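Structure first, then comments.
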Amino acid sequence: MPFIHIALRAGKPAAYRQAICDSLYQALRDALAVPEDDQFMTITEHEAANFRYGAAFGVARSDDLVFIQVTVFDTRTAEQKQALFRRIAALLGERPGIRPEDVFVTVLEAAKENWSVGHGLAQFA
Amino acid sequence: MPFIHIALRAGKPAAYRQAICDSLYQALRDALAVPEDDQFMTITEHEAANFRYGAAFGVARSDDLVFIQVTVFDTRTAEQKQALFRRIAALLGERPGIRPEDVFVTVLEAAKENWSVGHGLAQFA
Amino acid sequence: MPFIHIALRAGKPAAYRQAICDSLYQALRDALAVPEDDQFMTITEHEAANFRYGAAFGVARSDDLVFIQVTVFDTRTAEQKQALFRRIAALLGERPGIRPEDVFVTVLEAAKENWSVGHGLAQFA
């Protein structure tokens, strides 16, 4: 039950942005074994003045950088998160074709009781 | 002292979006007993390619889906969060009239020392 | 390794928004001693109906309000966070010239294993 927010520079075609969502969904399936159709994502597109990145940590990033913030249950292991990072970078490399340097992921955690995915219920509490 | 981000498909009138904020504020008042005028929210509107949702967990969602991410103190009980989910769904059902299937809420938690609501102070530390 | 999201009302020139990023980066350097070029930020601009704030907690906010959500390692002390709040308000007051009443900061925390800043690796795990 992850929720993902993606931020990137404006100007990419819709098919490119859809491919990002498709690849992220597949990465969730592969690394976290989420249920079918467990895909919940938003994208914001940013002009240059609203999108800032540096070269810290020895990574040569470009304007194709994608910030990905994934909120997941707080039950995921370090191994699962590492598998998720690897899979995201690999699949975004295939479609839409993003360099691994340009994949920046942060994971936020929320207890199961912190999710309501419809009907005002806490489905996982 | 919650901070709320709302994401929905573009195309709804301003009054509709204002009604979402009004109902969320009332839900915070009712379920969490927040102080008067403790309402801090942003909305982003998304075209179809930037808004992805699935049918997971047996909920028949539609393009009226609203993603609501609420950041609160880490002192809220499971009961308070459940009351918040129920109240959000009920009030958004009244105004602007959103189906309960289309209300998707995640709660993020931040310690009291993690908030500065003006003047560079940590008011709640 | 912070990641920052900034939300403000639409209508400010690019130089104003760039100055916000510059000042936030300097605040991170001063208060958290982040490495050089460790600056990762996105800005969203909001029309009036998509930006809601109240007067709670005795702070006289205006339409120049800036919501700043900073995700950091979960290793920061309360003192570091207080220094960050002070420094953000001070520097934004200088450039671009934002009143301290209009600086609203929340800090989210993520374990070191929750970050992948390129190449699909968990650099800090």
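FYI, it's all coordinate maths here, none of it is from the lab. Keep in mind that what you see is a predicted model, and the values were worked out from it rather than measured. When we count neighbours, we look across all protein chains shown, and the Cβ atoms used for this are built from the backbone with ideal geometry, even at glycine.
Here are the numbers for this structure:
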| quantity | calculated |
| --- | --- |
| The stretch A:53-68, residues that are assigned to a loop (DSSP other than H, G, I, E, B) and crowded, with 19+ Cβ neighbours inside 10 Å | A:59, A:61, A:65 |
| Subset of the stretch B:103-125 that is out of contact with any Ser or Thr (no Cβ under 6 Å at 6 or more places or on another chain) and farther than 30 Å from residue C:100 by Cα - its residue that is surrounded by the fewest Cβ atoms within 10 Å (Cβ to Cβ) | B:104 |
| Conditions (1) within 8 Å of another protein chain (Cβ to nearest Cβ); (2) part of a loop (DSSP other than H, G, I, E, B): number failed by residue B:75 | (1) |
| Some residue of the stretch A:108-121 being more than 11 Å from chain B (Cβ to nearest Cβ), farther than 20 Å from residue B:109 by Cα and either in a loop (DSSP other than H, G, I, E, B) or not acidic (Asp, Glu) (or both) | no |
| Filtered residues of the stretch A:69-87 (kept if in contact with a helix residue (DSSP H, G or I) (Cβ under 8 Å, 6 or more places away or on another chain) and either crowded, with 20+ Cβ neighbours inside 10 Å or among the small types (Gly, Ala, Ser) (or both)) | A:70, A:72, A:78, A:81, A:83, A:84, A:87 |
| All positions within the stretch A:9-37 that are in contact with a Lys or Arg (Cβ under 6 Å, 6 or more places away or on another chain) and under 18 Å from residue B:46 (Cβ atoms) | A:19, A:21 |
| Identity of the residue in the stretch C:1-52, hydroxyl-bearing (Ser, Thr, Tyr) and within 20 Å of residue B:120 (Cα to Cα), that ends up surrounded by the fewest Cβ atoms within 10 Å (Cβ to Cβ) | C:16 |
| Which listed residue is within 14 Å of chain B (Cβ to nearest Cβ), under 27 Å from residue B:45 (Cα atoms) and not β-branched (Val, Ile, Thr), from A:40, A:104, A:124, A:51 | A:40 |
| Residues located in the stretch B:1-56, provided they are in contact with a Ser or Thr (Cβ under 9 Å, 6 or more places away or on another chain) and among the polar types (S, T, N, Q) | B:42, B:44, B:50 |
| Residues of the stretch A:54-72 satisfying the condition of being within 10 Å of chain C (Cβ to nearest Cβ) and over 14 Å from the mean Cα position of the chain (by Cα) | A:54, A:55, A:56, A:57, A:58, A:59, A:60, A:61 |
| Test result for residue C:90, surrounded by 22 or more Cβ atoms within 10 Å (Cβ to Cβ), within 29 Å of residue C:12 (Cβ to Cβ), small (Gly, Ala, Ser) and within 13 Å of the chain's Cα centre (by Cα) | no |
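Residue-by-condition table, conditions (1) of a type in the set (Asp, Glu); (2) facing chain B (nearest Cβ under 8 Å); (3) part of a helix (DSSP H, G or I):
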position: C:12; (1), (2), (3): no, no, no
position: C:21; (1), (2), (3): no, no, yes
position: C:25; (1), (2), (3): no, no, yes
position: C:31; (1), (2), (3): no, no, yes
position: C:88; (1), (2), (3): no, yes, yes
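Okay, residues lined up against (1) among the acidic types (Asp, Glu); (2) touching a residue at least 60 places away in the same chain (Cβ under 8 Å):
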{"position": "B:37", "(1), (2)": "yes, no"}
{"position": "B:46", "(1), (2)": "no, no"}
{"position": "B:54", "(1), (2)": "no, no"}
{"position": "B:63", "(1), (2)": "yes, no"}
{"position": "B:68", "(1), (2)": "no, yes"}
{"position": "B:72", "(1), (2)": "no, yes"}
{"position": "B:85", "(1), (2)": "no, no"}
{"position": "B:112", "(1), (2)": "no, no"}
